[in-house]
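Written out below as C-alpha cells is the structure these notes cover.
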C-alpha cells in the first residue's frame with residue numbers, strides 16, 4: 001500500500017491528501033435541505049447530508065489526488081448512522097481508486113489493539129468465516145502506550161499490505177506540553193524525536209520498496225522540527241497536517257520532503273472541502289462547492305510544487 | 001456523575017468496574033450457536049452473540065457493582081453491527097442503574113475532539129434538533145496531544161455533568177517507553193508525573209463534592225508509581241486497570257486509594273466476564289457463566305476490602 005501511495009503521488013504530481021472531515025457548517029444548505037426533507041432533522045438526515053456532500057467532492061477531485069483521509073470523529077458524533085456514512089465514504093473512495101487513510105488516532109494494548117487493527121485494516125473472524133469491517137488502507141495511531149499498542153497493528157498490516165501513520169509531533173498549539181519535553185535520559189532531546197526513532201525502528205519491520213509501511217504524523221506548523229524528524233526517519237512517509245486553515249504554508253513544507261521530492265503527503269481538510277466558503281473561491285457559489293474544492297486542490301498543488309522547485 | 005459514582009461505590013461497598021470486553025473466545029458456545037442459527041456466521045451474528053453474553057452478565061451482577069466499562073474496540077471490530085451492540089449495551093446498563101465508562105481512549109484536537117465529546121458524552125446538533133448519540137457517562141482519553149485535546153471534552157462534561165478518565169500511566173509492559181522518560185525540564189521527574197499534574201489541574205475546572213469529574217488511569221501493575229500519583233492528584237479519581245489477568249493483586253492496590261477508602265475504582269475484564277473459563281470457577285459450567293461472573297465479583301470485592309482493611 002505504501003508503494004501504491006508513492007506511485008499515485010508520482011502519477012498525480014500531488015503529494016496531497018484531502019481530509020474528508022464534514023462538519024455540518026461546511027455542508028451547503030441545499031444539500032442539508034434535501035437530506036432533511038427525506039430523513040428529517042435526525043441522525044440519519046445528518047448522515048445523508050455528509051455522505052452526499054462527500055460524494056460530490058470526491059466525484060470532482062478523485063482524478064487529481066492520490067488519497068483521502070476521513071476523520072472518523074466527524075462521523076462517529078452522529079452515532080450509528082454517522083458511522084454508516086463513514087463506511088460508505090471509505091467504500092466509495094476506494095471504488096474511485098483513491099487510497100483511504102482512516103484518521104482514527106486509536107491507541108490501546110494487546111488484544112484491544114488487535115481488535116482495532118482487524119476491524120479497520122484487516123479481517124475479523126466470526127465462527128468459520130471472516131470479514132473486512134471498515135477496511136481502510138492506512139490508519140493513524142497514537143503512540144502514548146508504547147510498542148504494545150503498535151505491534152498488533154504492524155502484524156495485521158504485514159498480512160494485509162496496509163500501513164500506518166503514527167503521531168509524532170502534532171500540529172496543534174499545545175502539542176508541546178508533553179511532546180516537546182526534554183528527556184534527561186536521552187541527552188536532553190525532546191520526546192517527539194525519541195518517538196520518531198521508535199517509528200523508524202517499527203518501520204523496519206514492514207518495508208515497501210523505498211519507504212516503510214509505517215509512517216509518521218508531523219504538523220506543518222512546526223517546520224524546524226519537521227526538518228530534524230525528516231533526518232531521524234529517512235524511510236518514513238510523513239503525513240503533514242496543519243496546512244492552510246491551521247496556518248502552514250507551502251514554504252514551511254519543503255523540509256518534510258526528501259531530496260527525491262517524496263517522503264511527505266500534505267493534508268488539507270476545510271481548506272479544500274469548504275473552499276467555497278473562502279472569499280477566494282466565493283464566485284463558485286454554494287451550488288458549485290465541489291468545483292471550488294477542485295480549484296483549491298489545484299492551487300494547493302501549485303503552492304507545494306513551487307516551494308519544492310524553489311528550495312535551495 | 002462523579003458524585004453518583006462515589007455514592008454508588010459506597011452503597012455497593014465495591015470500588016469495582018467490570019470491563020465488558022467481549023472477545024468471541026469468551027462467549028459460551030451455546031450463545032454463539034443460537035446467535036449464528038438466527039443471523040448466520042456474520043457480523044450481525046457476532047454482534048448478537050456479544051450482546052446476549054453481555055446482557056446475561058449484567059443481569060447477574062448489576063446489583064453488586066457501581067459501574068461497567070465497555071471497551072469499544074471489541075465492538076468496533078465487528079463494524080456497524082458491532083457498534084449497534086455497543087450502543088445497546090450502554091443503554092441497557094444505564095437502564096439497570098449502572099454507570100457506564102466508555103473505554104474509548106480517544107484523543108484529537110479542537111473541533112475533532114469536540115465531535116468525539118458531543119458524540120459520546122453530549123448532544124450533537126442536527127438542524128434545529130439535538131441528539132445523544134452514544135451517551136456514556138464517562139469516557140477514557142489519551143493526553144498525548146495536550147490541553148487542546150482535553151478542553152473540548154471538559155466543556156461538554158461541564159454542560160452534561162459527565163466525566164473523564166485520562167491515561168496517565170498505563171498497565172502494559174511497554175508503557176514506560178515514553179511515559180517513564182525522565183524530563184530534564186522538570187527536575188528529572190518522569191513524564192507520567194507531569195501528565196498527572198496536568199490531570200489534577202484540568203480537574204480543578206470541573207469539581208464534584210470531594211472528587212473531580214476529571215479522573216486518571218493508572219495501572220495496577222505499577223503500585224509504586226500509583227502511590228506517587230495518588231499524592232500528586234489528591235482529588236482525582238483513579239481508574240485502575242491491570243488487576244487479575246494482567247497480574248495486579250489486591251495488595252498492590254491499597255496505595256491507589258485515599259485514607260477515606262475512596263479515590264480509586266479497580267477494573268477487571270476477563271477475570272469477571274470469562275470467570276467460568278478459570279479453574280477456580282469451572283464448576284459453574286459454561287451454561288452458568290454469568291453466575292461464575294457474580295462469584296468472581298464477590299471474590300474480587302473481598303480481595304480488595306481485605307487489602308484495604310489490612311493496610312498499615
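Summary of values
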{"read-out": "Which listed residue is facing chain A (nearest Cβ under 10 Å) and within 22 Å of residue A:178 (Cβ to Cβ), from B:183, B:164, B:229", "value": "B:183"}
{"read-out": "Condition met for residue B:101 (assigned to a helix (DSSP H, G or I), more than 8 Å from chain A (Cβ to nearest Cβ), touching a residue at least 60 places away in the same chain (Cβ under 8 Å) and in contact with a strand residue (DSSP E or B) (Cβ under 7 Å, 6 or more places away or on another chain))", "value": "no"}
{"read-out": "Tally, over the stretch A:213-232, of residues that are in contact (Cβ under 8 Å) with a residue 40 or more places away in the chain and under 24 Å from residue A:311 (Cβ atoms)", "value": "11"}
{"read-out": "Helices (runs of 4 or more DSSP H) (entirely within the stretch B:234-312) containing at least 1 residues that are modelled with pLDDT of 95 or more and buried (at least 21 other Cβ atoms within 10 Å of the Cβ)", "value": "B:270-273, B:289-309"}
{"read-out": "Selection status of residue B:87, surrounded by fewer than 21 Cβ atoms within 10 Å (Cβ to Cβ), facing another protein chain (nearest Cβ under 7 Å) and in contact (Cβ under 8 Å) with a residue 24 or more places away in the chain", "value": "yes"}
{"read-out": "In the stretch B:72-81, the residues that are out of contact with any strand residue (DSSP E or B) (no Cβ under 7 Å at 6 or more places or on another chain), at the interface with another protein chain (Cβ under 7 Å from one of its Cβ atoms) and surrounded by 24 or more Cβ atoms within 10 Å (Cβ to Cβ)", "value": "B:73, B:74, B:76, B:79"}
{"read-out": "Unmet criterion (only one of (1) modelled with pLDDT of 95 or more; (2) on the phi > 0 side of the Ramachandran plot; (3) surrounded by fewer than 18 Cβ atoms within 10 Å (Cβ to Cβ); (4) over 20 Å from the mean Cα position of the chain (by Cα)) for residue A:110", "value": "(1)"}
{"read-out": "Leading residue by the ranking (surrounded by the fewest Cβ atoms within 10 Å (Cβ to Cβ)) among those in the stretch A:56-67 that are in contact with a strand residue (DSSP E or B) (Cβ under 9 Å, 6 or more places away or on another chain) and under 27 Å from residue B:131 (Cβ atoms)", "value": "A:58"}
{"read-out": "Any hit, the stretch B:148-165, residues being buried (at least 19 other Cβ atoms within 10 Å of the Cβ), part of a loop (DSSP other than H, G, I, E, B) and touching a helix residue (DSSP H, G or I) at 6+ places or on another chain (Cβ under 9 Å)", "value": "yes"}
{"read-out": "Residue match in the stretch A:189-201 (condition: surrounded by fewer than 23 Cβ atoms within 10 Å (Cβ to Cβ), touching a strand residue (DSSP E or B) at 6+ places or on another chain (Cβ under 9 Å) and assigned to a loop (DSSP other than H, G, I, E, B))", "value": "no"}
{"read-out": "Those residues of the stretch A:127-142 which are more than 7 Å from every other protein chain (Cβ to nearest Cβ), in contact with a strand residue (DSSP E or B) (Cβ under 8 Å, 6 or more places away or on another chain) and either touching a residue at least 12 places away in the same chain (Cβ under 8 Å) or within 19 Å of residue A:213 (Cα to Cα) (or both), in sequence order", "value": "A:136, A:137, A:138, A:139, A:140, A:141"}
{"read-out": "Residue match in the stretch A:4-18 (condition: crowded, with 18+ Cβ neighbours inside 10 Å, at pLDDT below 95, away from chain B (no Cβ under 13 Å) and part of a helix (DSSP H, G or I))", "value": "no"}
{"read-out": "Unmet criterion (only one of (1) away from chain B (no Cβ under 11 Å); (2) in contact (Cβ under 8 Å) with a residue 24 or more places away in the chain) for residue A:150", "value": "(1)"}
{"read-out": "Residue within the stretch B:202-213 that is crowded, with 18+ Cβ neighbours inside 10 Å, within 11 Å of chain A (Cβ to nearest Cβ), modelled with pLDDT of 95 or more and over 26 Å from residue A:141 (Cβ atoms) present", "value": "no"}
{"read-out": "Some residue of the stretch A:48-71 being modelled with pLDDT of 95 or more, within 11 Å of chain B (Cβ to nearest Cβ) and part of a loop (DSSP other than H, G, I, E, B)", "value": "no"}
{"read-out": "Scope the stretch A:168-188; condition within 19 Å of the chain's Cα centre (by Cα) and in a strand (DSSP E or B); matching residues", "value": "A:168, A:169"}
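The values are calculated or read from the model by the stated rules, or taken from the named source; none is laboratory data. Please read all numbers here as calculations on a predicted model, not as lab measurements. Virtual Cβ from ideal backbone geometry, glycine too; neighbours counted across all protein chains shown.
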